[in-house]
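Reviewing the structure listed below.
The values are calculated or read from the model by the stated rules, or taken from the named source; none is laboratory data. Since the model is a prediction, treat every value here as computed from it, not as a measurement. Counting neighbours? That spans all protein chains shown, and the Cβs are built from the backbone with ideal geometry, glycine included. For accessibility, only protein heavy atoms count, side chains too; no ligands or nucleic acids. Shrake-Rupley method; radii C 1.70, N 1.55, O 1.52, S 1.80 Å.
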Amino acid sequence: MDNGVRPLIAGNWKMNGTSVSLQQIGRLQMLLGEAGEVRADILVCPPATLIERAVRMAEATPVRFGGQDCHAEASGAYTGDTSATMLADAGASFVILGHSERRAGHGEESALVKAKAEAAMAAGLVPIVCVGETEAQRDQGIAPDVVERQVRESIPGEAGGQSLVIAYEPVWAIGTGKSARTEDIAEMHAHIRRVLEDMLGESGAGVRILYGGSVKPDNAGEVLRTPNVNGALVGGASLHADDFFSIILAC
Ligand code: 13P
């Protein structure tokens, strides 16, 4: 965290959470209230069904909410999908796009991720574009090339600064308890920063690059102190307000 950008700690609840989980938002609000000022922006991406209620609950707090995916069109005959416009209407400010669980599980290619990111920006949302290599790609030594290609092909040309967030999430580190080594995180984040600056010029320097993949209270400090790491995208540990709060405090 050395480029003067305020960090973002984002929780991705994935397909977890029903009404009862809103208690975690309440608990987070309480912990934040007790702590006073914190050094990070805070975002929770619950399932779409909870966004509106979560937004209402946390109105008087700095916590922001986001979606986990959106359609590239604003409306239409797309049964089961949710548009960026709808997420914004529910009170979301961000949307996670191109998560590896969507790239792998739903066959999403970077061109589609880019179209979704454009739709998100048009709706006033900040896209969090996820990139990351598989274990096999890392073993083959092609991780930087894979990630660079994902970045180049997934982000809209007019993005930059605070209107875009990148999340580097090595696929093999997600939900495995096996976080990447800080040297590897530093190397990949520096590479992503160079690609962003090459694509976006000066505004590439202000884009927050989050690390995701088994970030927990006990490794968050080390991860967040790594150069060019501007926050974290947290899965499992974001489901528990106390763990998520510990990660926020590690900034
Ligand atoms: P875990 O923190 O559970 O490894 O998940 C990371 C992730 O996929 C966040 O988007």
Inset, instruction - Report the residue count in segment 58-83 for those that are in contact with a Phe, Trp or Tyr (Cβ under 9 Å, 6 or more places away or on another chain) and closer than 30 Å to residue 31 by Cβ. - result: 6
Inset, instruction - Select from segment 173-215 the residues that are surrounded by fewer than 17 Cβ atoms within 10 Å (Cβ to Cβ) and within 14 Å of the ligand (Cβ to nearest atom) and list them in ascending order. - result: 175, 176, 177, 178
Inset, instruction - Determine if segment 230-250 includes at least one residue that is open to solvent by less than 20 Å² (accessible area, probe 1.4 Å), touching a strand residue (DSSP E or B) at 6+ places or on another chain (Cβ under 7 Å), closer than 22 Å to residue 4 by Cβ and without any contact (Cβ under 8 Å) to a residue 60 or more places away in the chain. - result: no
Inset, instruction - Say whether the condition of being within 12 Å of the ligand (Cβ to nearest atom), in a helix (DSSP H, G or I) and within 22 Å of residue 65 (Cβ to Cβ) is met by at least one residue in segment 115-122. - result: no
Legend entry - Residue in segment 95-115 that is without any contact (Cβ under 8 Å) to a residue 12 or more places away in the chain and in contact with a strand residue (DSSP E or B) (Cβ under 6 Å, 6 or more places away or on another chain) present: no
Legend entry - Condition met for residue 64 (touching a Leu at 6+ places or on another chain (Cβ under 9 Å) and open to solvent by 80 Å² or more (accessible area, probe 1.4 Å)): yes
Legend entry - Residue pairs meeting the criteria (Cβ under 6 Å; at least 6 apart or on separate chains; first farther than 16 Å from residue 236 by Cβ, in segment 7-31; second at pLDDT below 95 and of a type outside the set (A, V, I, L, M, F, W, C)): 29/61
Legend entry - In segment 216-251, residue nearest to the ligand (Cβ to nearest atom) [restricted to those that are touching a Gly at 6+ places or on another chain (Cβ under 6 Å) and closer than 17 Å to residue 31 by Cβ]: 234
Inset, instruction - Just give me the residues in segment 19-58 being among the charged types (D, E, K, R), under 22 Å from the mean Cα position of the chain (by Cα) and assigned to a helix (DSSP H, G or I), in sequence order. - result: 27, 52, 53, 56
Legend entry - Among (1) closer than 21 Å to residue 195 by Cβ; (2) open to solvent by 40 Å² or more (accessible area, probe 1.4 Å); (3) hydrophobic (A, V, I, L, M, F, W, C), the one test that residue 129 misses: (2)
